[in-house]
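Coordinate-derived values only; no laboratory data. Just so we're clear, the structure is a prediction, and the values are computed from it rather than from any experiment. Cβ: placed from backbone, ideal geometry, glycine included. Neighbour counts: every protein chain shown.
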Amino acid sequence: MVRLENIGKRYGSDAEILRDVSLTLESGGFYFLTGVSGAGKTTLLKIIYLSVPPSQGTITLFDTKVSIVDRAGLNSLRRRIGIVFQDFRLVEHLTVRDNVALPLRIAGAPEREIRENVPELLGWMGLEGKLDVHPAQLSGGEQQRVAIARAIVRRPDLLIADEPTGNIDDEIAMLLVRVFERINKLGTTVLIATHDVAFAGQFAHRRYHLDKGELAAASAAEAVVE
Amino acid sequence: MIGALLLPRQFRLDLPLRQDASGRFLPWIIALMVYLAAVGGVALIWLGDTLAEWNATLASALTLQLPADTSEARIEMALGALRQTKGVLSAHLLAPAETAKLLEPWLGKTVPIDTLPLPHLVDVRVNPAVAIDYETLRRQLDSIVPNSQLDNNRAWLAGVRDFAVRLEGLITGGVVVVTILIVAIIIFTARIGLAIHRSVIELLHLLGAQDSYIARQFQVHALGLGLRGGIIGGIAAVVTVLIVGPAGHAFALPVPVATYGILDWRLWVLLVVTGIAAGGVAMLTARITVLRQLARMP
């Protein structure tokens, strides 16, 4: 599904943020990407969801070598990825309904399908009464659920979440991971980035650990824990 | 406002372009441009009509002027020569009263015209389709009545035509400048819009939006603004024409001048064309500008 080979990233003449990172995400897998703040997690996620290109190395997404794909092809690949941003990145002037419908409209889904699916999904996320309000009128937790709904509304092949458990207590974080697990059971590969190694360790999912831009020095077998 | 109805509210914009300040001032700038272009267009049509009218009237009429002391016998000979010329339909000697009436606007009613040594005027009607050799005719008439003058209006018409062509060029140039200004304003506005909404545009890209999807948002918005400005400017132009048009009669020109009426279909075609053109130019400009700018984004 996702294969990174010898990925490096440097912005201009600044120090390298990522060095020689190689990893594979198998189809249908559930992964944590751990590392302290500044370890390079967000940069690595950005490279995977095609927001920034790597300075070196190759990326293969959905059996497609990204470096040989044109602009339109990149956007097609992006449509197969759902992203839950750390700051949610909801569009302020759109209602909850329209925020969640964005990926469907971008993909050219018929309005009838949008009218049926979006309220159903928001109901599943416990937001049935919030369809026509704007993000600013929601609590942080509700905004996060809208961001998750937007990321999964098209049943993406790959779901990426950047620090989704960062600012919530353990109990809610646990529930959130259960939501991601349910999505994973539907066939979506899930990659969650978190700085909380201990939290990630509570789940029997594979983990990649980043330390100062490199995958942990431990052997691959130890770094990737079943 | 009528224009507000034309902005396709039902078209959902992911970008908050309708909240931009440009949405408030741009239609009025476009309206001013369209107004100038539409009035220019009306002037072009009016000019064409007037020239055609003058051509039709003056090309079929000649004036023969004979000295005041010409004898009746020579006048008759001159009339006979004219009537025998191929292409001449009629030759009518104006009565002193008719000549006096023609001079009245310049001399007034109080001057005793019958005491003045006025030349004899002959109104000659010709078939414009027949080529008349005016030089030969002039020589023939001069041999009958020395110092006679045959005026076929051609030199005057040529001058008017030359002036009209220059005026047409000037108006066309004005319309081109107006179009360029609209394009420049739309390019400027689209670039500002791209800068203001960069974060949402980046988000749309990350969600997989193609450049054409984002460009469509700008072009629909620009189409709405362009149509709104086009309609406002067009209506203002129609009002101007309706006010100024009848005033043309006040000049009392010696030949008929075409004036616009509200029933003239060309006025409405012009209104629709300028409105659609403003919308079309705005839409195409926005699309091309946005696509070119997006191609530079990661």
- Task: Return a whole-number percent for the relative contact order of chain B, with Cα pairs under 8 Å and 6 or more residues apart as the contact set.
- Result: 34 percent
- For chain A, what's the relative contact order in percent, using C-alpha pairs closer than 8 Å and at least 6 residues apart? 31 percent
- Query: How crowded by other chains is A:69-82, given as the mean number of beta carbons from other chains within 10 Å of each beta carbon?
  - Reply: 3
- Non-local amide H neighbours of B:Val126 (under 5 Å, H modeled in plane, Pro and chain starts lacking H): which ones? B:Ala61, B:Leu62, B:Leu89
- If the cut-off is a Cα-Cα distance under 13 Å, which aspartates and glutamates reach A:Lys9, setting aside same-chain residues fewer than 8 apart in sequence? A:Asp20, A:Glu214
- Message: For a Förster distance of 35 Å, can you work out the FRET efficiency between the beta-carbons of A:Ile68 and A:Glu16, rounded to the nearest 0.05?
- Response: 0.90
- Could you list which residues have their amide H under 5 Å from that of A:Gly28, counting only those 5 or more apart in sequence or on another chain, with H placed in the peptide plane? A:Thr189
- chain A, Cα convex hull volume normalised per residue, Å³: 129 Å³
- For A:Ile83, the residues 5 or more places away or on another chain with a placed amide H closer than 5 Å to its own amide H are A:Ile160
- Item | Options B:Ser90, A:Val153, A:His209, ranked by Cα towards positive dipole end of the protein assembly as shown, top entry (Cβ charges) | A:His209
- Message: For Cα pairs less than 8 Å apart in space and 6+ apart in sequence, what is the mean separation divided by the residue count of the range A:1-96, i.e. the relative contact order in percent?
- Response: 29 percent
- Query: Taking only Cα atoms, what is the 0 to 90° angle, nearest 10, from helix B:211-244's long axis to the longest principal axis of chain B?
  - Reply: 30 degrees
- Query: Counting Lys and Arg as +1 and Asp and Glu as -1, each charge on the Cβ, what is the dipole of the protein assembly as shown about the Cα centre in debye, to the nearest 20?
  - Reply: 580 debye
- Angle between the Cα long axis of helix B:72-84 and the longest principal axis of chain B, 0 to 90 degrees, nearest 10? 50 degrees
- Find which of B:Ala52, A:Phe62, B:Leu118 sits farthest along the positive direction of the dipole of the protein assembly as shown, computed with +1 on the beta-carbon of Lys and Arg, -1 on that of Asp and Glu, about the Cα centre. A:Phe62
- Query: Once the Cβ-Cβ distance between B:Ala129 and B:Ile288 is put in as r, and R0 is 60 Å, what FRET efficiency do you end up with, to the nearest 0.05?
  - Reply: 0.75
- Query: Using a ≥ b ≥ c from the Cα gyration tensor of the protein assembly as shown (square roots of the eigenvalues), is it rounded, prolate or oblate, where a/c under 1.5 gives rounded and otherwise the larger of a/b and b/c decides, a/b for prolate?
  - Reply: prolate
- Note on the structure: Per the charge dipole of the range A:126-210 (beta-carbon charges, Lys/Arg positive, Asp/Glu negative, Cα centre), the residue among A:Val179, A:Gly166, A:Ala198 reaching farthest to the positive end is A:Val179
- How would you rank B:86-96, A:174-184, highest first, on the average number of other Cβ atoms within 10 Å across their residues? A:174-184, B:86-96
- Query: Tilt of helix A:140-152 relative to the longest C-alpha principal axis of chain A, in degrees (0 to 90, nearest 10)?
  - Reply: 80 degrees
- Query: About its Cα centre, what dipole magnitude does chain A give when the only charges are +1 on Lys and Arg Cβ and -1 on Asp and Glu Cβ, stated in debye to the nearest 20?
  - Reply: 660 debye
- ³J(HN,Hα) across the range A:32-40 via Karplus (A = 6.51, B = -1.76, C = 1.60, θ = phi - 60°), whole Hz, x for Gly/Pro? 10, 10, 10, x, 5, 4, x, 6, x
- Subtracting the Cα-Cα distance from 0.36 nm times the residue separation, let me have the gained length for B:Trp268 to B:Arg24 in nm, one decimal. 85.2 nm
- Item | Electrostatic dipole magnitude of chain B [Cβ: Lys, Arg +1; Asp, Glu -1; Cα centre; debye, to 20] | 1600 debye
- In the range A:81-172, the GluC sites (Glu not before Pro) that sit in a DSSP loop and have at most 13 other Cβ atoms within 10 Å of their own Cβ are A:Glu92
